[in-house]
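To keep things clear, I will list the structure first and then write my remarks on it.
The values are calculated or read from the model by the stated rules, or taken from the named source; none is laboratory data. These numbers come from a predicted model, not from an experiment. Cβ atoms come from the backbone with ideal geometry, glycine included; neighbour counts cover every protein chain shown. For accessibility, only protein heavy atoms count, side chains too; no ligands or nucleic acids. Shrake-Rupley method; radii C 1.70, N 1.55, O 1.52, S 1.80 Å.
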Amino acid sequence: MLVQAKSILTTDQVREIRALLENAPWADGKVTAGLQSAMAKNNRQIPEDSPVAAKLQQIILPALAQDPVFNAAALPLRVYPPLFNRYDVGMGFGNHVDNAVRFIKAANMRIRTDVSATLFLSDPDEYDGGDLVIQDTYGEQRVKLAAGDMVIYPATSLHRVEPITRGSRWASFFWTQSMVKDDGQRTLLYDFDRNILEARQTLGEDHEIVLSLTATYHNLLRQWAEL
Ligand code: NI
């Protein structure tokens, strides 16, 4: 399931993050790539252990924690500290699948990457090319969102970033280990959650049907969640 989460960051937060990135130590993006993806990868990244990365993560992680769409769709157990990349003219990232397991140095912990996320920090009119192209069950999906918006998709998907032909594309990206590993089950729970929201709006939150649907949602999540 591919889900767009709008306005994860406010305009002010995007501006603040970009100001910090202006002076950040951009390095070759191959450092976080696996062997196969290193060959396809041509971009710049902020080193994971740089102080500016920590500062940026402190803006993004709380914003994620309170976003209802991210929480309902990803059902996060662990979130990898967000990374930052940029693609300038001529740069791109060919088809690849992200590594299945990653090590979070600061927490001395492994994370299984169930859900991939890209949080856009440049607006679409600032660059040409640079579409994130994700293969899903229904074919290729092209994604290019406003600064502050985010797309999440199953980390099992083949994806690429098309070469930039004008301007520069900045983004944050990270992975989530979900309480529910299977994308099909996550999709059902997400649809269920959206339907409950709609029922709540139509019928009122104290309506018997809303209460019983909510109970069923939680009992289903209890069946499937692994912590
Ligand atoms: Ni990737």
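Tabulated results
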item	result
Principal-axis tilt of helix 183-203 within the chain, Cα atoms, nearest 10 degrees	60 degrees
Separation between Cα centres of the range 109-184 and the range 62-77, rounded to whole Å	16 Å
Ranked by how many other beta carbons lie within 10 Å on average, peptides 72-81, 103-112 from highest	72-81, 103-112
Cβ-Cβ FRET estimate between A215 and V31, R0 fixed at 45 Å, reported to 0.05	0.45
Electrostatic dipole magnitude of the range 3-178 [Cβ: Lys, Arg +1; Asp, Glu -1; Cα centre; debye, to 20]	480 debye
Protein accessible area in the chain, 1.4 Å probe - carbon and sulfur %	52 percent
Nonlocal Lys pairs with alpha-carbon distance under 21 Å, the range 3-178 (8 or more apart, or different chains)	5
The range 183-224, accessible area per residue, ligands and nucleic acids excluded (1.4 Å, Å²)	69 Å²
Relative contact order computed over the range 3-178 (Cα-Cα under 8 Å; 6+ residues apart), in percent	30 percent
Cα pair distances in the chain, grouped into 5 Å bins until the bin that holds the longest one, percent each	1, 6, 13, 18, 20, 17, 11, 6, 4, 2, 1, 0
